[in-house]
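Peer 1: There's a structure below that I have some questions on.
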Amino acid sequence: MRYILSLVFVVTTLFAFSQIDAENNVKWEFSIQKTSSENVDLIFEATLNSRWRIYSQKSDPHGPDPTYIEFTDGTELIGEIVETGELIRKIEPLFDNVECLSYYNNVVFKQTIHPDKRYVNAIVGYIACNDTMCKAPEELEIVFDLEKNIAELKDLQNLVSATNDIVPELTNLNLDNPISDCGNSSFEKNKNNKSIWLLFFLGFLGGLVAIFTPCVFPMIPLTVSFFTKDNTTKGGGVFNAVLYGIFILFIYASLSIPFHFGSDPAMLNKLSTSWVLNVLFFLIFMFFAFSFFGYYDLKLPSKWANKSDTASSKTGIIGIFFMALTLAIVSFSCTGPILGSVLAGVLTDGPWPITAAMIGFGFSLGIPFAIFAMFPNLLSKLPQSGGWLNSIKVILGFIEIALAFKFLSKADLVEHWGILKIEAFLISWILVGLGLTLYILGKIKFPHDSPVKRISLSRGVLAVIFFSFTIYLISGFKFNEKTNSFTSLNILSGIAPPVGYSWLYPTECPSGLNCYHTFNAGQEIAQRENKPILLDFTGHGCENCRRMEERVWSDSKIHEIIDKNYILISLYVDDRMLLPEEEQGVVEINYSDGSVKHKRIKTIGDKWAVFEMLRFKQQGQPYYFLLTPDGKLLNNPVAYTPDKDEYKNWLQCGLDAFNGLNN
């Protein structure tokens, strides 16, 4: 349980980052002290409000960010930075119980330097946390004037660069008046409704799976029998059982409440592509898998169950609520991993889709109790508990391993590690598929398995299904001459790495197309060849981007239109590679609500995310814009558009608008 709670705390903390004022809880002072005729000490002193803490430079980097101090101008440093304060060694509950070194109340960082220049520039980076949340990571720039013996904190506003030197300018772009009125796909109009209903269904499926686990399934006849014995009022037992199911729904839905506090879209995107979070998901899913295999159980503290069970003995609505809470607690060893899988799948879609998924989970988990209470004769038709329930758990364990590699793949893509390219990913899933097939056939056993004396029809069907899927995965190694890469497997689009992310047949552009990864380079070619631009805001960790590339762009008619008529510019908003120093800087962003923020541009992803936000007023991926070579908008933009005909018509509409300008 420690793992899933830590995960929820981390995610909740990250959502709250943008809503917390940094200056309220940490106050910094900077000063200069002469130590000798040759050297001086630069002092960085932090004073913290009660219960807040920042972290030592030597704290475990797997926890909250250690405080760091960097000197950016080649200053000659004498020795290392010295920390002075009451150092606390503490388990950090917000970050998977990593042991961290932190400071409360006051801490002083001191760096001795040789003053060979008047001005010394330094950066202090830190994160402040209390026991329930963390602030956004802060970065301060300080200028020490050694001649006047003063230190001043730079305001990011004073560091704003000429925006056009960092983010391409589009003076001809008018988002409100495209040349043609086509576009603005139905996806945009129904995006929220579709995603919410889809994620409700995803949660609903997760709840259905949870029903058929050894922790929940045997509880159905026991609980329903208890309610149907209530004869105090006519229909009272049925009413109470229905109320019991409603409380189950309420308990799981309430788990989404923390996600409604601070759901900044930019933060959601960063969250979804964070290598730390994705590696954490990988480890958690592997942990879940071996729990399902029967090597250990995930359990909430037993005192929680005991207190809840005691409270459930009360009569009336309160007692029924605590009965539902008891079920949620005691069944956690089975429902926890499934719930974690559902949560991980919807985490970056925003608070309401998360709530929808949790409602779906609670609804499908609670509905059997209500149905069987209303129709108790159906209980006799339920299959008896037995070894088949454990087999379902083990099958889910294999599926958890497959999902674990999906999250590791996203981290690998974003960080360019190159350890889980398409070949390695397919091999890992093929091994999972073979393992599943052999398990179903009784060739592999786990601790709680019963002997498989014969292959039943259901086992035979499942074995054929999983083995067929394994053969399908193997077909992914077939070479596609059209794209000069492996064959794309549509079922895995958005799950597996792109086929171009390969050791044997690496390609930088999807679907065998030519593309550019900087706007200026692509625009220059468009102007030279007098072709319109297909501007693609994408991401290494964007599942819908992969689906568009491998299912829509690969269509022969769409592929031909893009290849022959457009200059494709694909800009990755989550690329973590650092920009050359001369291309870094600070830009000012004016938001629609009237607020003004300053954004530091350090990475390639920073640049293109701000480009999309600043010039196109969007933050989503994928997002597609059709432009003339000089930057005029040809038609309305579209986002994820899985309908091939709709996307093809949109491309053709933009092309017609462009040709109309030249006639």
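The values are calculated or read from the model by the stated rules, or taken from the named source; none is laboratory data. From a predicted model like this one, the values you see are computed outputs, not experimental measurements. No Cβ is skipped: glycine too gets one built from the backbone with ideal geometry, and neighbour counts run over all protein chains shown. Just so you know, the surface numbers come from the protein's heavy atoms only, side chains and all, with ligands and any DNA or RNA stripped out. Shrake-Rupley method; radii C 1.70, N 1.55, O 1.52, S 1.80 Å.
Peer 1: Suppose we filter 528, 551, 547 for residues that are basic (Lys, Arg), closer than 23 Å to residue 632 by Cα and either outside any loop (DSSP other than H, G, I, E, B) or free of Cβ contacts under 8 Å to residues at least 40 places away in the same chain (or both); which single one remains? Explain how you work it out, then say what you get.
Peer 2: Numbers: 551 fails: closer than 23 Å to residue 632 by Cα; 547 fails: closer than 23 Å to residue 632 by Cα.
Result: 528 is the single residue among 528, 551, 547 that is basic (Lys, Arg), closer than 23 Å to residue 632 by Cα and either outside any loop (DSSP other than H, G, I, E, B) or free of Cβ contacts under 8 Å to residues at least 40 places away in the same chain (or both).
Peer 1: Looking only at region 604-623, decide whether some residue is under 18 Å from residue 167 (Cβ atoms), part of a loop (DSSP other than H, G, I, E, B) and modelled with pLDDT of 90 or more.
Peer 2: No, region 604-623 has no match at all.
Peer 1: Considering every residue within region 419-432, establish whether at least one is open to solvent by less than 30 Å² (accessible area, probe 1.4 Å) and either more than 26 Å from residue 275 (Cβ to Cβ) or at pLDDT below 90 (or both).
Peer 2: no
Peer 1: Say we look at region 554-568 and pick out the residues that are in contact (Cβ under 8 Å) with a residue 40 or more places away in the chain and charged (D, E, K, R); which of these is farthest from residue 493 (Cα to Cα)?
Peer 2: Filtering region 554-568 down to residues in contact (Cβ under 8 Å) with a residue 40 or more places away in the chain leaves 554-555, 557-559, 561-563, 565-568.
Cutting the leftovers down to charged (D, E, K, R) gives us 555, 557, 563.
Numbers: 555: 14, 557: 19, 563: 21 Å.
The extreme case among them is 563.
Peer 1: Same structure again: Which ones in region 569-583 are in a loop (DSSP other than H, G, I, E, B), touching a residue at least 40 places away in the same chain (Cβ under 8 Å) and open to solvent by less than 20 Å² (accessible area, probe 1.4 Å)? Don't jump to the end; show me each part of the working.
Peer 2: Step one: of region 569-583, the residues in a loop (DSSP other than H, G, I, E, B) are 573-577, 579-580.
Restricting the remaining residues to those that are touching a residue at least 40 places away in the same chain (Cβ under 8 Å) gives 573-577.
Once the filter is applied, which keeps residues that are in a loop (DSSP other than H, G, I, E, B), touching a residue at least 40 places away in the same chain (Cβ under 8 Å) and open to solvent by less than 20 Å² (accessible area, probe 1.4 Å), region 569-583 yields 573, 574, 575.
Peer 1: Could you tell me whether residue 646 is part of a helix (DSSP H, G or I) and open to solvent by 20 Å² or more (accessible area, probe 1.4 Å)?
Peer 2: Numbers: part of a helix (DSSP H, G or I): yes; open to solvent by 20 Å² or more (accessible area, probe 1.4 Å): yes.
When the stated conditions are applied, residue 646 passes them.
Peer 1: Among the residues of region 465-516, count how many are under 28 Å from the mean Cα position of the chain (by Cα), under 16 Å from residue 424 (Cα atoms) and among the hydrophobic types (A, V, I, L, M, F, W, C).
Peer 2: Total meeting the criteria: 8.
Peer 1: Of all residues being in contact with a Lys or Arg (Cβ under 9 Å, 6 or more places away or on another chain) and not hydroxyl-bearing (Ser, Thr, Tyr) in region 430-445, which is nearest to residue 397 (Cα to Cα)? Just the residue, please. First the steps, then the outcome.
Peer 2: Taking region 430-445 as the starting set, the residues that turn out to be in contact with a Lys or Arg (Cβ under 9 Å, 6 or more places away or on another chain) are 437, 439-442.
So of that shortlist, the ones also not hydroxyl-bearing (Ser, Thr, Tyr) come out as 440-442.
Details: 440: 13, 441: 16, 442: 16 Å.
Filtering first and then ranking leaves 440.
Peer 1: Within region 526-539, identify whether any single residue is at pLDDT below 90, among the hydrophobic types (A, V, I, L, M, F, W, C), open to solvent by less than 50 Å² (accessible area, probe 1.4 Å) and over 22 Å from residue 605 (Cβ atoms), and answer yes or no.
Peer 2: Restricting attention to region 526-539, the residues satisfying the condition of being at pLDDT below 90 are 539.
Imposing the further condition that a residue be among the hydrophobic types (A, V, I, L, M, F, W, C) reduces the set to none.
Within region 526-539, none of the residues are at pLDDT below 90, among the hydrophobic types (A, V, I, L, M, F, W, C), open to solvent by less than 50 Å² (accessible area, probe 1.4 Å) and over 22 Å from residue 605 (Cβ atoms).
Peer 1: Scan region 625-649 for residues that are closer than 13 Å to residue 535 by Cβ and of a type in the set (Phe, Trp, Tyr) and jot them down.
Peer 2: Once the filter is applied, which keeps residues that are closer than 13 Å to residue 535 by Cβ and of a type in the set (Phe, Trp, Tyr), region 625-649 yields only 625.
Peer 1: Right, here's the next one. Of all residues in region 39-86, which are more than 26 Å from residue 148 (Cβ to Cβ) and assigned to a strand (DSSP E or B)?
Peer 2: Applying the first criterion (more than 26 Å from residue 148 (Cβ to Cβ)) to region 39-86 yields 48-68, 80, 83, 85-86.
Correct list: 48, 53, 54, 55, 68, 80, 83, 85, 86.
Peer 1: Let me ask you something else. Answer yes or no as to whether residue 44 is modelled with pLDDT under 80 and buried (at least 18 other Cβ atoms within 10 Å of the Cβ).
Peer 2: Spelling it out, it is not the case that residue 44 is modelled with pLDDT under 80 and buried (at least 18 other Cβ atoms within 10 Å of the Cβ).
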